[in-house]
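Just below is one structure, and these are the notes that go with it.
Please treat every number below as a calculation from the coordinates, not as lab data. What you are looking at is a predicted structure, and each value in this text was computed from that prediction instead of being measured. Heads up, the Cβs are rebuilt from the backbone with ideal geometry, glycines too, and the neighbour counts pull from every protein chain shown.
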Amino acid sequence: MVAEDDIDARRVIAGYLKTLSVRVVEVDDGVTALESIEKEIPELLILDLNLPSMSGFELCERIREKETTAKVPVLVVTGRNSLEDHARAREVGVTKYISKPFKKKEFVEAVRTLLKR
């Protein structure tokens, strides 16, 4: 699942994922992402920290609270790159953090690694 409110960024990420032959569910806000996750648990959640209706931090906290979703790997892809953001991401259970702009190779390798877990 890709939770990204910027349609251009979401299309790029989804395009990279499709080269890996994986099914991609796209959402544009945190609440929709959480509702979708409750219906079908994804193998991987890729999210931006700046989401409407619920931040990426809060979304990650919410999925970590439930036993059924606690182990879903979370890859953050964001333009936020402060030490505080990195620390907060670790606190809420983010598995991997990639800063925008990112290289396709870096992203694809991270996704492959997380999907193998």
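Is it true that Leu59 is surrounded by 15 or more Cβ atoms within 10 Å (Cβ to Cβ), in a helix (DSSP H, G or I), touching a residue at least 24 places away in the same chain (Cβ under 8 Å) and within 12 Å of the chain's Cα centre (by Cα)?
Working: surrounded by 15 or more Cβ atoms within 10 Å (Cβ to Cβ): yes; in a helix (DSSP H, G or I): yes; touching a residue at least 24 places away in the same chain (Cβ under 8 Å): yes; within 12 Å of the chain's Cα centre (by Cα): yes.
Yes.
If I ask for residues that are farther than 16 Å from Val74 by Cα and outside any helix (DSSP H, G or I), which ones from region 29-56 would you list?
Passing the criteria: Pro52, Ser53.
May I ask you to list the residues in region 6-27 that are buried (at least 16 other Cβ atoms within 10 Å of the Cβ) and in contact with a Leu (Cβ under 8 Å, 6 or more places away or on another chain)?
Matches in region 6-27: Val24 only.
For region 35-67, which residues satisfy the criterion of being within 21 Å of Asp85 (Cα to Cα) and among the acidic types (Asp, Glu)?
Asp48, Glu58, Glu61, Glu65
Only residues that are closer than 23 Å to Leu17 by Cβ and either in contact with a Cys (Cβ under 7 Å, 6 or more places away or on another chain) or of a type in the set (Gly, Ala, Ser) (or both): list them for region 71-91, please.
Passing the criteria: Val74, Gly79, Ala89.
Applying the selection to region 42-53, what residues are under 13 Å from the mean Cα position of the chain (by Cα) and not polar (S, T, N, Q)? Give the derivation first.
First, pick out the residues of region 42-53 that are under 13 Å from the mean Cα position of the chain (by Cα): 42-51.
Answer for region 42-53, where residues must be under 13 Å from the mean Cα position of the chain (by Cα) and not polar (S, T, N, Q): Pro42, Glu43, Leu44, Leu45, Ile46, Leu47, Asp48, Leu49, Leu51.
Could you run through region 44-56 and say how many residues are surrounded by fewer than 21 Cβ atoms within 10 Å (Cβ to Cβ) and of a type in the set (Val, Ile, Thr)?
0
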